[in-house]
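Working notes for the structure below.
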Amino acid sequence: MTPAQRLRATYEFKPVDHLVRQEFYIWTEALDLWRAQGSLASDANQDELFGFDPSGAAGYWGLGWCDPAFCPAIEPRVLETSGDYEIALDKAGRTVKYFKGRRHGFMPTYLRHAVTCDRDWEENVAPLLRPDTPARWAKFDKEIAGLKAAAAEGKMITQHCIGGYMYLRALVGPEEICYLFLDNPALVHRMMQSWLEMADAVSARVQEHIEFDEFFIGEDICYNHGLLISPDMVRRFLWPYYQQILANVRSRQKRRVYFHCDTDGNCDEAVDLYREIGLDKLSPIEIAAGNDVVAIARKYPDLIISGGIDKRVLADGREAIDEYLGRIMPPMVARGGYVPTCDHGVPDNVSFDSYMHYRRRMMEMDH
């Protein structure tokens, strides 16, 4: 099978020669450490070394992911330094306190978000989210040409989009947005209307040239005990906009459009909730938050799943890896509709030897 055929068959729960072989991602710090230790050659073909398939999909990224798709983009910069810390402006317009020279491996302190009041939104942020800004389309022709070439090879075409909760959290803050739902719901709806207008305008323009297979949102609406906001708040502030964008995207083409949601944290409650509006695929099934990928697969036999391999186990050595994969892989291979990856990035406490053992064992068990 070609990678594209394999991926499409996975979405359709049809037989495959082996499960799609890919990774969520590997931390840059892990790759750098493996290189420094002499385990990973600087010129190594990582896809070949780790046994990854060429991608069976191609995506359009003009709608943001973890951060809103500002145009013009905000250039991150350090504002001040003090001892072991530095205060910086990030690309979402947040003022953030970091350890000096570090951006990963710890939780930074967010000092201020871009939207603290109506005026912030109207004067500073809303203008950055206009879909008709000419610079937003500067690379459009080249990007569309790439998507058309991918589609000609049979690849699935995905529209990536920052999810509504992720968007609100990035603009307002995880605690502050909870207050804003109650104190100023009109502002929340104005922000979400802007989200919808952007998502619809960009999707429509892409769909003038090519059809989508998938609408994929980066949501991160869960933590280790469940949803970060109540189901009622989800239905009130997210559902109207999600239902509208999905309806609009689907109305512009004949091909089926899968709805895919990425969220960290314990997603038990979220799965039922998002299936109310037609969730087709879920990722990355974070095991440290209490998820059980096999249990989710059994409960939702028609749900496409990606992820579910506990990244912590990879740091525990060969025996732990063998035990874990021996428990996870047989039922997931038999079920189908599964793309096995780590449940987030592979961290730098995973040795090169352990990761290579994991990849070898995975390829022995994924068919």
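The values are calculated or read from the model by the stated rules, or taken from the named source; none is laboratory data. Values in this document were obtained by computation on a predicted structure and should not be read as measured data. Here the Cβ positions follow ideal geometry from the backbone for every residue, glycine too, while neighbour counts run over all protein chains shown.
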Pair list, Cβ < 9 Å and 6+ apart or interchain, from segment 41-59 residues that are closer than 30 Å to residue 206 by Cβ and free of Cβ contacts under 8 Å to residues at least 12 places away in the same chain to residues that are loosely packed, with under 14 Cβ neighbours inside 10 Å and not hydrophobic (A, V, I, L, M, F, W, C): 47/54
For residue 82, the lone unmet condition from (1) of a type in the set (Gly, Ala, Ser); (2) modelled with pLDDT of 95 or more; (3) loosely packed, with under 14 Cβ neighbours inside 10 Å is (2)
Might you check whether a residue that is touching a helix residue (DSSP H, G or I) at 6+ places or on another chain (Cβ under 7 Å), assigned to a helix (DSSP H, G or I) and farther than 24 Å from residue 122 by Cβ occurs anywhere in segment 213-226? no
Quick check on residue 152: is it more than 30 Å from residue 82 (Cα to Cα) and at pLDDT 95 or above? yes
Exactly one of 302, 280 is on the phi < 0 side of the Ramachandran plot, modelled with pLDDT of 95 or more and surrounded by fewer than 18 Cβ atoms within 10 Å (Cβ to Cβ), and that residue is 302
Condition first: farther than 27 Å from residue 213 by Cβ, assigned to a helix (DSSP H, G or I) and without any contact (Cβ under 8 Å) to a residue 40 or more places away in the chain. Can you find one or more residues in segment 274-282 that meet it? no
Within 22 Å of the chain's Cα centre (by Cα) and over 19 Å from residue 305 (Cβ atoms) - does that describe any residue in segment 36-46? yes
Would you be able to say whether some residue in segment 312-327 is part of a strand (DSSP E or B) and within 30 Å of residue 38 (Cβ to Cβ)? no
